[in-house]
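*Asks:* Before I ask anything, here is the structure I am working with.
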Amino acid sequence: MAESAYRIPLFDLNVGREEEEKVLATLRSKWISMGENVRAFESEFAHHLGAEHAVAVTSCTAALHLALRILGVGEGDEVIVPSLTFVASVNAVRYVGAAPVFADVIGPHDLSLDPADVERRITSRTRAIIPVHYGGFACEMGALMRIARSRGLFVVEDAAHAPDSEYEGKKLGTIGEFGCFSFFSNKNITSAEGGLLVTNNDEHARRARLLRAHGMTTLSYDRAKGHATRYDVVELGYNYRMDDLRGALAHAQFARLESDVSIRRQLRSRYVERLSGVEEIVIPYLDSLYKSSNYIFPIVLKDSDAAERDRVRAGLKKAGVETSVHYPAVHRFSVYADYTRELPMTEKVSDSEITLPLYATLAADDIDYVCDELTRLLA
C-alpha cells in the first residue's frame with residue numbers, strides 16, 4: 001500500500017510489474033508521444049465496450065469538450081447537467097459558450113439525474129443532456145433517451161466513473177451520441193491523467209481524431225513511420241493527444257479492469273452487509289439492477305446537515321480513516337453563481353454524503369474497522 005497518513009486511505013493504486021515493464025519498454029523504444037500503445041488501448045477499450053470508435057485524449061474533460069464541439073453546441077444553447085458532479089462536467093459546457101442548466105438528482109437513494117426534473121428544465125434553447133453515471137451506477141438511460149429523442153436533444157454520457165458499468169445489457173458510454181471516460185489516478189484503471197471519447201458514429205470519430213491534434217490531417221507518428229510526408233490544418237483544433245507513456249500505462253491497466261470491478265463488487269457487498277441495518281444512513285443504489293464499476297462507496301446521513309457530516313468525517317479521520325465528499329454541489333461554486341437553481345435533493349445529498357474507502361487492495365478487515373468506527377460515531 002502507498003504511504004499514507006491514514007491507517008486506511010480513501011484510495012490506493014493497483015499497479016504492478018506489468019505496468020512498470022510496459023512503460024519502461026516505451027521509454028526504451030525512443031517513441032513516447034502518441035503511438036502504438038495509444039492505438040492498442042483505443043482498440044481494446046472500444047472492443048470491450050462494443051463501440052465502433054474510441055479516441056484517447058488528455059482527460060475526460062477534454063472528451064466532454066470535444067463531444068459538445070463536434071455536436072455543434074455553442075453560444076445561445078443550453079445543456080442540462082447535474083450539480084452533484086465534479087465541476088469538469090459543467091465546465092465543458094462553458095468551454096463551448098453554452099449555458100449549463102442544473103437539474104436535480106432523484107434522492108439520497110439514487111444520486112443520478114432525475115428524468116422528471118430534466119424534462120421540466122427543457123426550453124427552446126436546450127440542445128443536450130449530460131447524464132453523469134455517479135459512482136459507476138447507471139442513470140435512468142431509458143427515460144433520458146426517450147426524453148432526448150422526443151425533444152431532438154443530444155445525449156453525452158459522462159462515464160468517468162463507469163468504465164465497465166452497464167444499463168440493460170449495454171455498456172455505459174455507448175448509449176448516447178458520445179461516452180466520455182476518465183483515467184485519472186484514482187479511477188478504476190489509470191493512466192495518471194487521461195480520458196477517452198467513445199462513439200458509434202464514423203464522422204464524429206473522424207472529427208474527434210482531427211480536433212484532438214490541432215486539426216492536422218496527419219500525425220507526427222505517421223510521418224516518422226513514412227506513412228505521410230506533409231500535413232494540412234483543416235480545423236481549429238486542440239492539443240488533446242494522449243502520449244504513449246500514458247498509453248502504455250493505460251494499456252497495461254486495462255488488463256486489470258474486469259478483476260478490479262469484480263473485487264470492488266465483493267467489497268461493496270461487505271460494506272452493505274455491515275451497514276444496511278444502520279438506521280442513521282442511506283446506502284445509495286441498493287436496488288440497482290445493473291453491473292457497476294463501484295468506483296466509490298458513498299453513504300448519505302439521514303436527518304443531517306454539513307456540520308454533522310463534518311463531525312462524523314472528523315471522527316473517522318481521528319480513527320485513521322480517510323474519507324471524502326462526492327461532491328460539493330457545483331451550483332454553489334462562485335463561478336456558477338449566475339446559474340443557480342432550486343435543487344433541494346442535490347443540496348441535501350451534498351451536505352450529508354460521505355465517501356468511504358474503496359479500492360481493489362482494500363482488505364475485508366479494513367472494511368470491518370471502518371464500519372465499526374462509523375457505527376460508533378453515529379451511536
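*Asks:* For the stretch 323-367, name all the residues that are farther than 18 Å from Pro298 by Cβ, open to solvent by 30 Å² or more (accessible area, probe 1.4 Å) and either part of a loop (DSSP other than H, G, I, E, B) or not aliphatic (A, V, I, L, M) (or both).
*Replies:* Arg332, Phe333, Ser334, Asp338, Tyr339, Thr340, Arg341, Glu342, Pro344, Thr361, Ala363, Asp365
*Asks:* Looking at the stretch 273-301 only, could you name the residues that are in a loop (DSSP other than H, G, I, E, B), more than 26 Å from the chain's Cα centre (by Cα) and in contact (Cβ under 8 Å) with a residue 60 or more places away in the chain?
*Replies:* Matches in the stretch 273-301: Val278, Glu280.
*Asks:* Ala92 - would you say it is in a helix (DSSP H, G or I) and over 19 Å from His161 (Cβ atoms)?
*Replies:* no
*Asks:* Scan the stretch 26-48 for residues that are more than 24 Å from the chain's Cα centre (by Cα) and surrounded by 12 or more Cβ atoms within 10 Å (Cβ to Cβ) and jot them down.
*Replies:* Of everything in the stretch 26-48, those that are more than 24 Å from the chain's Cα centre (by Cα) and surrounded by 12 or more Cβ atoms within 10 Å (Cβ to Cβ) turn out to be Thr26, Leu27, Ser29, Trp31, Ile32, Ser33, Gly35, Glu36.
*Asks:* Further, regarding this structure: What are the residues in the stretch 126-147 that are open to solvent by less than 20 Å² (accessible area, probe 1.4 Å) and part of a loop (DSSP other than H, G, I, E, B), if any?
*Replies:* Correct list: Ile130, Pro131, His133, Phe137, Ala138, Cys139.
*Asks:* Right, here's the next one. Can you tell me which of (1) open to solvent by less than 20 Å² (accessible area, probe 1.4 Å); (2) outside any helix (DSSP H, G or I); (3) not aliphatic (A, V, I, L, M) is the one Glu75 doesn't meet?
*Replies:* Tallying (1) open to solvent by less than 20 Å² (accessible area, probe 1.4 Å); (2) outside any helix (DSSP H, G or I); (3) not aliphatic (A, V, I, L, M), Glu75 fails exactly one: (1).
*Asks:* Among the residues of the stretch 191-220, which ones are surrounded by fewer than 21 Cβ atoms within 10 Å (Cβ to Cβ), at pLDDT 95 or above and in a loop (DSSP other than H, G, I, E, B)?
*Replies:* Residues satisfying the conditions are Ala192, Glu193, Asn200, Asn201.
*Asks:* Name every residue in the stretch 91-125 that is touching a Leu at 6+ places or on another chain (Cβ under 8 Å), surrounded by 20 or more Cβ atoms within 10 Å (Cβ to Cβ) and within 16 Å of Gly135 (Cβ to Cβ), in order of residue number.
*Replies:* Matches in the stretch 91-125: Val105, Leu111, Leu113.
The values are calculated or read from the model by the stated rules, or taken from the named source; none is laboratory data. All values reported here derive from a predicted model rather than from experimental measurement. Cβ: placed from backbone, ideal geometry, glycine included. Neighbour counts: every protein chain shown. To get the accessible areas, we keep the full protein, side chains included, count just its heavy atoms, and leave off ligands, DNA and RNA. Shrake-Rupley method; radii C 1.70, N 1.55, O 1.52, S 1.80 Å.
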